[in-house]
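Participant: The structure's right below; bear with me while I get my questions together.
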Amino acid sequence: MKWHQAHTTWFFETFVLRPFLPDYKPFRDEFRRLFNSYYNSIGDEPPEKHLRAVFSRPSLDEVIAFRTHVDEGMEKILAGRIPDDAARRIVLGLNHEQQHQELMLTDIKHAFFSNPLRPAHYAIPLTPGRNATAEFKWHDFNDGVIEIGYPIDSANCLDFCFDNETPRHKVYRGAFRIANRSVTCLEYLEFMSDAGYARPEFWLSEGWEAVRQQGWRAPLYWERDATDSTGWRIFTLRGWHPLSALLDTPVCHVSFFEADAFARWRGCRLPDEAEWELAASGTSIQGNLLDTGRLHPAIASGDGLDQLFGDSWEWTASPYTGYPGYKPLPGALGEYNGKFMSGQMILRGGSCVTPASHLRATYRNFFQPATRWQFSGIRLAD
């Protein structure tokens, strides 16, 4: 958590205060390197990067003092006339901090699960919610040319999206169907019970290798439990819960490989990101997001196209590449997204730990296909 706090502060010091506040004095010169994440044009990444979760110095008090020091510098910037370039960087920094607010909760969950005591982040257990999830239904979309991507207003320095959401462009989509809700734990358990993890015909080659090498038999945070009728329990930010109490909630913490294998087992597929964005484009940003405080996926309401925002990020069949005509931001900020456009897959929609104000229908998240620690789930298409 210290690293997240310090890195988000480092962003404002590096990209706003150093270039735009002439009398600014850095808090500690060593922090320029220590809290760099991957901006190689700023300097080499620290070789101790893999020790972020365990470093003992600087202390929490010094990290908080660093944040206070940078806050004071930012107050000076905000008190005067802010150049457009600085304003854009400030808005980017605020959205960057929201990303880390989400990452902090995913890291806490993974750290607590990795601890032999398996502590709960919140002691209050999950409420049962509705008795049963919405019936599975298809929503049909006709073929045609659609537009995807964010229509950025370049004249408005406060109009924000990440550079990988641009430019807005036309895409032809054939007719397709998309599910009205996310795949549930019960539905995924049926895949597991049908030897889904033991049948290579459902798996991409690299995914099958991951199953064999890492011993996957269930989603991350599922553990055998002979006391539950399902034989499983799930670790959440609110501690352990029997799977039988969460069967109708969306399955999460599955990799792209698992999502793709499940879809093949069902005789379906994953939507591509253009299909997902078309389905979500007329939907308001509401759902089981961080603002609800639940911190775990919830049962679908049954109202139309549900769970597009919140609950779990949804894997798509689209690789993470630049849109036609994509140009990264100039300078070091161009490393924010563009350098990762290789070997990663797109997710859409946000999760139960994503701030609601952070999302748009055009928002593109991306992770390597074997990633499971994120709140990532499945929506089917056909």
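The values are calculated or read from the model by the stated rules, or taken from the named source; none is laboratory data. All figures in this text were calculated on a predicted structure; none of them were measured in a lab. Note that we place each Cβ from the backbone using ideal geometry, even for glycine, and neighbour counts take in every protein chain shown. Quick note on the areas: whole protein, heavy atoms, side chains included, nothing else; ligands and nucleic acids left out. Shrake-Rupley method; radii C 1.70, N 1.55, O 1.52, S 1.80 Å.
Participant: Using DSSP to define loop residues, name the GluC sites (Glu not before Pro) in region 73-138 whose beta-carbon has at most 15 other beta-carbon atoms within 10 Å.
Facilitator: Taking region 73-138 and a limit of 15 other Cβ atoms within 10 Å, the loop GluC sites (Glu not before Pro) found are Glu135.
Participant: Mind putting together the pair-distance distribution for region 192-251? All Cα pairs, 5 Å bins, whole percent per bin, short to long.
Facilitator: 4, 16, 24, 21, 15, 14, 5, 0
Participant: Considering just Cα atoms, how many Å³ per residue does the convex hull of region 215-284 enclose?
Facilitator: Convex hull volume per residue, Cα atoms: 139 Å³.
Participant: Mind checking the dipole of the chain: about its Cα centre, +1 per Lys or Arg Cβ, -1 per Asp or Glu Cβ, Debye to the nearest 20?
Facilitator: 460
Participant: Can I ask one more? Which ³J(HN,Hα) values, rounded to whole Hz and listed in residue order, are derived for region 148-161 from phi using the Karplus coefficients 6.51, -1.76 and 1.60 in 6.51 cos²θ - 1.76 cosθ + 1.60 with θ = phi - 60°, glycine and proline given as x?
Facilitator: Along region 148-161, the couplings run 10, x, 8, x, 5, 9, 5, 7, 9, 5, 9, 7, 10, 8 Hz.
Participant: Continuing with the same structure: So, counting K/R as plus one and D/E as minus one, what does the shell of residues with Cβ under 10 Å around Gly350 add up to?
Facilitator: So the environment of Gly350 carries a net charge of -1.
Participant: Rg and Dmax of region 108-154, using alpha carbons, in Å: what are they?
Facilitator: Every Cα atom of region 108-154 included, Rg and Dmax give 21.6, 54 Å.
Participant: Using the reciprocal of the averaged 1/r over all distinct C-alpha pairs, how large is the Kirkwood radius of region 126-193 in Å?
Facilitator: 16.3
Participant: How big is the chain along each principal axis, measuring the range of its Cα positions in Å and listing the largest first?
Facilitator: 65, 54, 38
Participant: Same structure again: Pop out the ³J(HN,Hα) list for region 66-76 in order, Karplus 6.51 cos²θ - 1.76 cosθ + 1.60 with θ = phi - 60°, rounded to Hz; leave Gly and Pro as x.
Facilitator: Listing the rounded values in order: 4, 5, 4, 4, 6, 4, 5, x, 5, 4, 5 Hz.
Participant: Something else about it: Round to a whole number: what % of the accessible area of region 160-285 belongs to carbon and sulfur, probe 1.4 Å?
Facilitator: Reported share for carbon and sulfur atoms: 48 percent.
Participant: Show the residues, 5+ positions off or on another chain, whose built amide H is closer than 5 Å to the amide H of Thr236.
Facilitator: His241
Participant: Lys and Arg at +1, Asp and Glu at -1: add these up for the other residues within a Cβ distance under 10 Å of Phe257 and post the number.
Facilitator: Net of charged neighbours comes to -3.
Participant: Might you tell me the accessible area per residue for the chain, computed with a 1.4 Å probe and given in Å²?
Facilitator: Dividing the accessible area of the chain by its residue count gives 45 Å².
Participant: Could you compute the net charge surrounding Phe20? Neighbours are other residues with a C-beta less than 12 Å from the C-beta of Phe20; K and R count +1, D and E count -1.
Facilitator: +1
Participant: Let me have the relative contact order for the chain, percent, based on Cα pairs under 8 Å that are six or more residues apart.
Facilitator: For the chain, the relative contact order is 19 percent.
Participant: Region 265-327 to region 121-179: how many Å between their Cα centroids?
Facilitator: For region 265-327 versus region 121-179, the Cα centre distance is 5 Å.
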